[in-house]
Amino acid sequence: MEKVNTDQKLTLINNYWDPKIVGELNDQYVKLVKFKGEFIWHKHDNEDEMFFVIKGSFKMELRDRIIDINENEFIIVPKGVEHKPIADEEVSVMLFEPAATLNTGDKINELTRINLERI
């Protein structure tokens with residue numbers, strides 16, 4: 001059992017949309033990721049996802065609306081809901097999701113990360 005300094009861990013992340021595992025609890029991963037630009041439309045059929053903004057802000061685009069998520073705010077996207085994160089500027093995000101969650105959900109492409117690095 002050791003504490004985790006998110007600022008220090010974020011300095012180790014140099015690529016956007018490339019989540020890193022920083023913790024694990026109850027079959028859930030705690031991940032850190034940096035966003036910039038647009039991700040892809042996707043959904044997770046079996047998992048909810050929680051996005052907690054550490055630094056910056058981003059928009060979570062849903063099929064019927066767009067939600068602004070700012071520093072120290074979070075959003076939980078329920079399983080089965082199509083979504084697309086968009087960040088005009090770099091944003092640092094902590095994710096809470098089941099260990100089996102694929103970052104691109106039901107889509108497989110160049111942004112898909114299967115074997116995540118632990119930092």
request  = Treat every Asp and Glu Cβ in the chain as -1 and every Lys and Arg Cβ as +1, leave all other atoms uncharged, and give the resulting dipole magnitude about the Cα centre to the nearest 20 debye.
outcome  = 180 debye
Inter-label distance for Asp64 and Asp27, nm, one decimal - labels placed 7 Å from Cα along Cα-to-Cβ = 3.0 nm
ask   = Over all Cα pairs of region 40-81, how is the pair count split among 5 Å bins, expressed in % and running from 0 up to the last occupied bin?
value = 6, 22, 30, 25, 14, 3
Whole-number D in µm² s⁻¹ for region 60-118, Kirkwood Cα-pair radius fed into Stokes-Einstein, 37 °C, 0.692 mPa s = 246 µm²/s
task = Write out the trypsin sites (Lys or Arg not before Pro) in region 47-77 meeting two conditions: DSSP loop, and at most 14 other Cβ atoms within 10 Å of their Cβ.
result = Arg63, Arg65
key: Dimensionless Rg over Rh [region 15-119; C-alpha; Kirkwood]   = 0.92
query = Relative to the present Cα-Cα distance, how much length would full extension add between Ala99 and Asp48 at 0.36 nm per residue of separation?
reply = 17.2 nm
query = Relative contact order, percent, of the chain when contacts are C-alpha pairs under 8 Å separated by at least 6 residues?
reply = 33 percent
ask   = Are any of the pairs Lys3/Lys107; Lys3/Lys34; Lys34/Lys107 more than 28 Å apart by Cα-Cα distance, and if so, which?
value = Lys3/Lys107
note = region 3-46, convex hull of Cα, quarter of hull surface, nm² -> 4.2 nm²
key: Listed residues Trp17, Ile76, Ile40: farthest to the positive end of the dipole of region 1-90 (Cβ charges)   = Trp17
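Each reported figure results from applying straightforward, stated rules to the coordinates on display, with no laboratory input. Everything quoted here is computed from the prediction, not taken from an experiment. Quick reminder, even Gly has a Cβ in these numbers, built from the backbone with ideal geometry, and neighbours come from all protein chains shown.
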